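A.B. asks: Quick one: structure below, then a few questions.
The values are calculated or read from the model by the stated rules, or taken from the named source; none is laboratory data. A quick note: this is a predicted structure, and the numbers were derived from the prediction, not measured. Positions of Cβ are backbone-derived with ideal geometry, glycine not excepted, and every protein chain shown enters the neighbour counts.
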Amino acid sequence: MKFPQGGTYRILCDHVWSGADGATEALSIRVTDGVVTERLPLSAVPSADASESLLDLRGLALLSPLMDTHVHVYMNPWPLAPSARVDPGSEGFSIELEAALARLREAHAAGVGLLRDLGDPFEINLAAANLTSGDSSLPRLLAAGAACFKEGRYGRFLGKPARDLSSLLDAIRDAASDPRVHLIKLIPTGIINFKKGMVTTTPQFTAEEFSPAVALAHDLGKKVAAHCSGEEGVRLAAEAGVDFIEHGYFVSRGTLDLMAKKDLVWTPTFAPVHAQWRHFDTCGWDTETRDHLRRILDAHAESLRYARSIGVRLMAGSDAGGVGISHGGGVRLELSLMQEAGIPPLDLLQMATRQGPLWTGALPARVFPACGAPADFIAVDGSVLSDVRKLSGLRLVARDGRIQEARKPLMEADANAATYGIPAARTQPVSENA
């Protein structure tokens with residue numbers, strides 16, 4: 001199929017979803033210079049206009065592109081085997097930036113129109129975000145720059161260390177002064193010890209350090225996302241008033257109640273733990289660790305169901321760049337896992353197309369297919385409103401009216417994971433995370 005690129009064209013589609021409710025509309029949509037300029041009922045299609053191209057998409061479903069609210073574009077998710085991985089950022093900045101842009105192109109071709117990068121120590125994410133602002137072959141990207149963690153603790157692959165409260169506050173001031181920085185990422189805890197099936201370390205910041213950091217970021221006009229797992233660390237972040245809880249494994253119902261009361265947003269990131277469970281042997285784990293991973297995922301699903309029941313705001317983020325989680329397929333996997341956990345598909349699609357962009361501050365005043373909205377959309381073969389797994393029927397993607405055929409995203413153990421310009425990892429052991 002040949003697609004119009006620029007100028008004026010008209011889309012005919014009998015299943016257009018605006019995200020407002022569970023109903024689709026049959027519409028005729030005119031696009032001029034990448035913006036929706038007219039929407040009419042399909043039954044009221046005007047007479048053919050020689051100045052317009054016609055794009056007949058009847059039989060497909062049109063909706064806004066997806067958002068992945070938690071990614072790391074500088075990280076290569078391949079290969080799965082620990083012995084073959086390499087520290088991210090090991091090449092020169094320009095090489096790493098080109099690899100990040102290749103991952104973003106893959107995401108765009110897989111129907112992801114907006115991503116939020118939550119930290120890298122080299123700030124490749126900020127350079128990439130700058131380049132995506134006007135390039136219709138790339139998705140839009142929000143970035144936190146380098147995250148902040150406590151010196152000597154977990155976080156060296158995500159950001160820069162702070163020795164004490166003074167240096168932490170200085171780092172937040174520096175980040176907030178950079179117009180490319182969309183939000184502040186703080187790391188109050190380490191990660192899960194998969195072999196033991198729990199978080200085994202205490203939070204790396206005290207309340208006396210963490211609360212002033214959050215308050216300063218807010219005073220400087222920046223929202224705060226907190227990487228945290230383990231009840232003690234999630235509670236610390238919630239009590240400090242962060243805006244976004246990332247991961248949140250082992251959270252208690254009491255802390256979820258607090259998150260609902262404070263109107264915080266939770267991105268539970270099932271995908272990275274699921275990938276380790278699904279490919280436990282390739283990832284270097286034994287069967288006991290596999291069983292820990294399954295138990296962790298099941299408990300996390302129970303927490304998700306409870307969170308939804310009490311009104312905690314939820315977003316879908318895949319932690320793409322983590323082992324086995326691609327920047328195109330990750331959010332689809334995340335949505336599927338959240339659906340398996342009990343979240344209705346309509347809620348998930350609203351989360352991934354309207355609520356995520358709104359809550360992260362990225363949603364424009366008008367969204368597709370409203371007049372005046374950018375012509376950003378995806379076309380899917382299948383009724384995705386009844387099952388998010390039908391996103392596998394993605395056919396077309398568009399940004400600013402420029403349409404291209406979709407590509408199946410790389411995911412987990414695909415043999416061709418080095419395609420789309422993503423460099424293969426060099427064969428050498430990767431150092432342990434701090």
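A.B. asks: May I ask you to list the residues in region 380-402 that are within 17 Å of Leu54 (Cα to Cα), surrounded by 24 or more Cβ atoms within 10 Å (Cβ to Cβ) and of a type in the set (A, V, I, L, M, F, W, C)?
C.D. replies: Val397, Ala398
A.B. asks: Only one residue in Glu334, Glu302 is among the acidic types (Asp, Glu) and surrounded by 24 or more Cβ atoms within 10 Å (Cβ to Cβ), so which one is that?
C.D. replies: After ruling out the rest, the residue left standing is Glu334.
A.B. asks: A further question on this structure: Could you grab me the full set of residues in region 356-411 that are under 17 Å from Gly111 (Cα atoms) and among the polar types (S, T, N, Q)?
C.D. replies: The answer is Ser383, Ser392, Gln404.
Here is a yes/no grid of residues against (1) within 23 Å of the chain's Cα centre (by Cα); (2) in contact (Cβ under 8 Å) with a residue 60 or more places away in the chain; (3) buried (at least 23 other Cβ atoms within 10 Å of the Cβ):
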site: Gly197; (1), (2), (3): no, yes, no
site: Thr200; (1), (2), (3): no, no, no
site: Leu216; (1), (2), (3): no, no, no
site: Leu220; (1), (2), (3): no, no, no
site: Gly230; (1), (2), (3): yes, no, yes
site: His274; (1), (2), (3): yes, yes, yes
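A.B. asks: Among the candidates Asp21, Asp56, Asp14, single out the residue that is of a type in the set (D, E, K, R) and within 25 Å of Leu115 (Cα to Cα).
C.D. replies: Of the residues listed, the single one that is of a type in the set (D, E, K, R) and within 25 Å of Leu115 (Cα to Cα) is Asp21.
A.B. asks: Let me ask something additional. Residues that are among the aromatic types (Phe, Trp, Tyr), more than 30 Å from Met315 (Cβ to Cβ) and touching a residue at least 40 places away in the same chain (Cβ under 8 Å): which strands (runs of 3 or more DSSP E) entirely in region 1-70 hold 1 or more of them?
C.D. replies: Per the criteria, 8-16.
Residue by residue, here is whether (1) modelled with pLDDT of 95 or more; (2) in a loop (DSSP other than H, G, I, E, B) holds:
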{"residue": "Pro121", "(1), (2)": "yes, yes"}
{"residue": "Leu126", "(1), (2)": "yes, no"}
{"residue": "Asp135", "(1), (2)": "no, yes"}
{"residue": "Lys160", "(1), (2)": "yes, no"}
{"residue": "Ser166", "(1), (2)": "yes, no"}
{"residue": "Ile172", "(1), (2)": "yes, no"}
{"residue": "Pro179", "(1), (2)": "yes, yes"}
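A.B. asks: Same structure, new question: Would you check if there is a residue in region 359-367 being out of contact with any Asp or Glu (no Cβ under 8 Å at 6 or more places or on another chain) and under 16 Å from Leu27 (Cα atoms)?
C.D. replies: Scanning region 359-367 turns up at least one residue that is out of contact with any Asp or Glu (no Cβ under 8 Å at 6 or more places or on another chain) and under 16 Å from Leu27 (Cα atoms).
A.B. asks: Also, quick follow-up: When you look at Arg354, is it in contact (Cβ under 8 Å) with a residue 12 or more places away in the chain and over 21 Å from Ile245 (Cβ atoms), yes or no?
C.D. replies: In short, no.
A.B. asks: Here are Arg294, Arg308: which of them is part of a helix (DSSP H, G or I), surrounded by fewer than 23 Cβ atoms within 10 Å (Cβ to Cβ), of a type in the set (Lys, Arg) and in contact with a Phe, Trp or Tyr (Cβ under 9 Å, 6 or more places away or on another chain)?
C.D. replies: Result of the check over Arg294, Arg308: Arg294.
A.B. asks: Would you point out which residue out of Gly342, Gly361, Gly382, Gly372 is without any contact (Cβ under 8 Å) to a residue 60 or more places away in the chain and on the phi > 0 side of the Ramachandran plot?
C.D. replies: On inspection, the qualifying residue turns out to be Gly342.
A.B. asks: Shifting gears a bit: Checking Leu62 against (1) in contact with a helix residue (DSSP H, G or I) (Cβ under 9 Å, 6 or more places away or on another chain); (2) surrounded by 21 or more Cβ atoms within 10 Å (Cβ to Cβ); (3) not basic (Lys, Arg), which test does it fail?
C.D. replies: (1)
A.B. asks: Looking at (1) under 18 Å from Pro268 (Cβ atoms); (2) touching a Gly at 6+ places or on another chain (Cβ under 9 Å); (3) crowded, with 23+ Cβ neighbours inside 10 Å; (4) not small (Gly, Ala, Ser), find the lone condition where Val242 falls short.
C.D. replies: Of (1) under 18 Å from Pro268 (Cβ atoms); (2) touching a Gly at 6+ places or on another chain (Cβ under 9 Å); (3) crowded, with 23+ Cβ neighbours inside 10 Å; (4) not small (Gly, Ala, Ser), only one is false for Val242: (2).
A.B. asks: Continuing with this model, one more query. I'm trying to understand the selection: among the residues of region 186-204, which are under 17 Å from Ala144 (Cβ atoms) and either in a strand (DSSP E or B) or not β-branched (Val, Ile, Thr) (or both)?
C.D. replies: Answer for region 186-204, where residues must be under 17 Å from Ala144 (Cβ atoms) and either in a strand (DSSP E or B) or not β-branched (Val, Ile, Thr) (or both): Leu186, Pro188.
A.B. asks: Which residue is surrounded by the fewest Cβ atoms within 10 Å (Cβ to Cβ), if the candidates are limited to region 337-365 and must be of a type in the set (A, V, I, L, M) and part of a helix (DSSP H, G or I)?
C.D. replies: Across region 337-365, the extreme among qualifying residues is Leu358.
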